[in-house]
Each structure stands twice: as C-alpha cells, then as structure tokens.
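One structure, pasted below without further comment.
The values are calculated or read from the model by the stated rules, or taken from the named source; none is laboratory data. Because the structure is predicted, anything quoted here is derived from the model rather than measured. Cβ sites come from the backbone with ideal geometry, for glycine too, and all protein chains shown count toward neighbours.
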Amino acid sequence: MSSQREFDEFSITEEVINTFRNCGNPRLQQVMTVLVQKLHEAVREVELTQAEWEFAIGFLTRTGQICDERRQEFILLSDTLGISMLVDAINNRAPAESTQSTVQGPFHVQATPPAELGANIDTLPGGGEPMWVDVNILDLEGRPIVGAEVDVWHSDENGFYDVQYGADAELTRRARFVTGGDGRVYFWSSLPAKYPIPDDGPVGQMLEAVGRHPFRPAHLHFWVRVAGYKPLVTHIFVRESDYLDSDAVFGVKDSLIDDFPRHAPGTAPDGRVMETPYRTLNWDFRLPRLDQLPKAA
Ligand code: BEZ
Ligand code: FE
C-alpha cells in the first residue's frame, strides 16, 4: 500500500501544522502554527505567482546579504513594516502616567561615553543650534529616581549620527549620565535634524516601490535604566520637524513631542552667556516600578 500523501491548496496548511505536534516547546509550537496559518492564508488570498515568490526569496536573500556588524537590514524591515512598534506596544504596557516608549533604532552604541552633568556632549559642533537639555527621572508618584543610568544619542544638524561618518569617526552627540539625589540630567548639545533611515538597500527599494519616503522627524533618543523600575527606551520629537505625521518607522507618539523653544541670546539656565539663539528641552520622564506593571494575561 502506498504511503504517499497528497495535499491540495487548502489541506496542506493543516498537514504542515500537524508536523509540529511533537515539538517539545509549546511556545515554539504555537508561534510556528500561527505563522504557517497566516502565511498560507496570505499566499492563498493574493494567489501568489511563481515570479512573485522568486522575487520575495531574492528580496529576503539581499536583505540578509547586506547585514553586517554595523548594518541590520532585517530590523529596518521590521521597523518600516510597523512590526518593531507593534512588539514595543505589546511588551511595554504600563500605567497611563508612565512615559511612553518607542523604537530603539540602530544607532545606539554599547560604548556610549560617560559624561558629567552640565557637559556639552556635542564635541564636534557644526552648524547646529545650541540646545540645553534638562530632564527629570521620576517615579509615578513624582519622586526623583536616584542612580538611574540615562543614555542619550541624536543626529547632527544634517541628520547624521556620529557612527555614520565611518568606522573611525569620533563618538559624539551621545553620552551616559547617572542621576544624583535630585533625579536630574542636564547637558548641552545641538538641535538634531530630520533624517532618512538607511535607504540604499532592499528596504529603501521597498519604500520606493510602495511610494513611501524614508524620513524620520527630528528627535533625541533616551534609554533610562535603573534597578527595580521598567527600563524606558524612547525619543523626544521636535514639534516643528517635518514627518511627524509620516515617520518611516511609525515611532511618533503625541505625548513625546516638545516645542524645543528658541531663546534670544543672553544668559542660559546654567548661567552660560549665549551669543547666539539657543533651544531648550525640559522634560519629566516617569517610570513605573516593576510591581506597578500590569500582570501578563
Ligand atoms: C533611529 O531613530 O535612530 C532609527 C530608528 C529606526 C530605524 C532607523 C533609525
Ligand atoms: Fe534616531
């Protein structure tokens, strides 16, 4: 008797899912089952042609081939398809008073240099407007959090991060601070600009093919970490920037936009006398304690 199995375009889905029945890892089994169900559904719904299947395989192959230690095209693909923000939303449910999170992006570096409070972290100043940043790291009751590590990074006035200037480029416009008893972090830097995400690879081709631009609105990145509290990865966006309503990676949230007001030359908040106009950012970050997080369903 023949042991041959024969499937049609509908029964094949159940058949594939059945092959996961001996998977020893229930979570993996769940993920694989749902993935196969949805992928098969999509292929059936659009009636994928052989040529389109080949194009998709080629696209994914090129996406992998362009990745190296400095470039992660798969994360960019996830970002531009809204998957990164979806994962972020699911994994960062927090009480309403908490500061909202957003994507981390590819430009954070592990070797972020420590800096003194009050320092100018733009050590290669170009033409960007000076910017005084003064933020508080608070708990949900409004009390300062002591000993929080605060990483900051942002683009220059041309929309480039330091690491985009080459392998030997000096790290700048990034720093790691630690809060003292007042929970405050304050420093000088320069106003960041809007910029395109790296668009010279498969993701850029995809954006162009579907009629999308690659730009992100101007923003500062913050990553706040302290024992006992939910870590916070977020940005603060510049209200006057283009692309707040069409961020290429869907990272904008209304609650994370600030005016970055411009001030006439004169004495800045830290007593420094400014001969040119300058910007300020004042912001309160609110982090929930781990015991204040909603219980997983
Ligand atoms: C960023 O903000 O640095 C970023 C986020 C997602 C993709 C590319 C860049
Ligand atoms: Fe960024």
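Could you please find all residues in the range 248-262 being within 16 Å of ligand 1 (Cβ to nearest atom), hydrophobic (A, V, I, L, M, F, W, C) and part of a loop (DSSP other than H, G, I, E, B)?
Ala248, Val249, Phe250, Val252
Just give me the residues in the range 146-173 being charged (D, E, K, R) and either in contact with a Gly (Cβ under 6 Å, 6 or more places away or on another chain) or within 15 Å of ligand 1 (Cβ to nearest atom) (or both), in sequence order.
The answer is Asp151, Asp156, Glu157, Asp162, Arg173.
For a quick check of your reading of the model, give me the residue pairs whose first member lies in the range 79-99 and is under 18 Å from Trp223 (Cα atoms) and within 16 Å of ligand 1 (Cβ to nearest atom), whose second is aromatic (Phe, Trp, Tyr) and modelled with pLDDT of 95 or more, with beta-carbon atoms closer than 7 Å and at least 6 apart or on different chains.
Taking only residues 6 or more apart or on different chains, the pairs are Met85/Phe250.
I'd like the full set of residues that are in a loop (DSSP other than H, G, I, E, B), within 25 Å of Asp259 (Cβ to Cβ) and either modelled with pLDDT under 95 or not hydrophobic (A, V, I, L, M, F, W, C) (or both), limited to the range 123-140.
Answer for the range 123-140, where residues must be in a loop (DSSP other than H, G, I, E, B), within 25 Å of Asp259 (Cβ to Cβ) and either modelled with pLDDT under 95 or not hydrophobic (A, V, I, L, M, F, W, C) (or both): Pro125, Gly126, Gly127, Gly128, Glu129.
Looking at Thr123, Thr80, which one is within 16 Å of ligand 2 (Cβ to nearest atom) and surrounded by 15 or more Cβ atoms within 10 Å (Cβ to Cβ)?
Exactly one residue qualifies, and that residue is Thr80.
Could you say whether any residue in the range 88-100 is in the same structural domain as His219 (by TED's automatic domain parsing), within 16 Å of ligand 2 (Cβ to nearest atom), β-branched (Val, Ile, Thr) and touching a strand residue (DSSP E or B) at 6+ places or on another chain (Cβ under 7 Å)?
No - not one qualifying residue is present in the range 88-100.
Among the residues of the range 241-255, what is the count of those that are within 13 Å of the chain's Cα centre (by Cα) and on the phi < 0 side of the Ramachandran plot?
6
For the range 27-122, which helices (runs of 4 or more DSSP H) that fit wholly inside it have 1 or more residues that are more than 28 Å from Ala209 (Cα to Cα)?
83-91
Collect the residues in the range 104-145 that are within 16 Å of ligand 1 (Cβ to nearest atom) and of a type outside the set (A, V, I, L, M, F, W, C), keeping them in residue-number order.
Gln104, Gly105, Pro106, His108, Gln110, Thr112, listed by residue number.
Moving on to the next point. Give the residues of the range 199-228 that are in a strand (DSSP E or B) and among the basic types (Lys, Arg), sorted by residue number.
Result: Arg216, Arg225.
From the set of residues in the range 154-182 that are within 16 Å of Lys194 (Cβ to Cβ) and of a type in the set (Phe, Trp, Tyr), which is farthest from ligand 2 (Cβ to nearest atom)? Spell out the reasoning first.
Looking only at the range 154-182, we keep the residues that are within 16 Å of Lys194 (Cβ to Cβ), and these are 154-161, 164, 173.
From what is left, the residues that are of a type in the set (Phe, Trp, Tyr) are 160-161.
Details: Phe160: 11, Tyr161: 7 Å.
Looking at residues that are within 16 Å of Lys194 (Cβ to Cβ) and of a type in the set (Phe, Trp, Tyr), I get Phe160.
Let me ask something else about it. From Glu15, Glu54, which residue is loosely packed, with under 11 Cβ neighbours inside 10 Å and over 24 Å from the mean Cα position of the chain (by Cα)? Let's see the steps before the verdict.
Working: Glu15 fails: loosely packed, with under 11 Cβ neighbours inside 10 Å.
Testing whether each residue is loosely packed, with under 11 Cβ neighbours inside 10 Å and over 24 Å from the mean Cα position of the chain (by Cα) leaves just Glu54.
When you check Arg184 against the structure, is it of a type in the set (Lys, Arg) and touching a Leu at 6+ places or on another chain (Cβ under 9 Å), yes or no? Spell out how you get there, then give the answer.
On the way: of a type in the set (Lys, Arg): yes; touching a Leu at 6+ places or on another chain (Cβ under 9 Å): yes.
Yes; evaluated as a whole, the condition is true for this residue.
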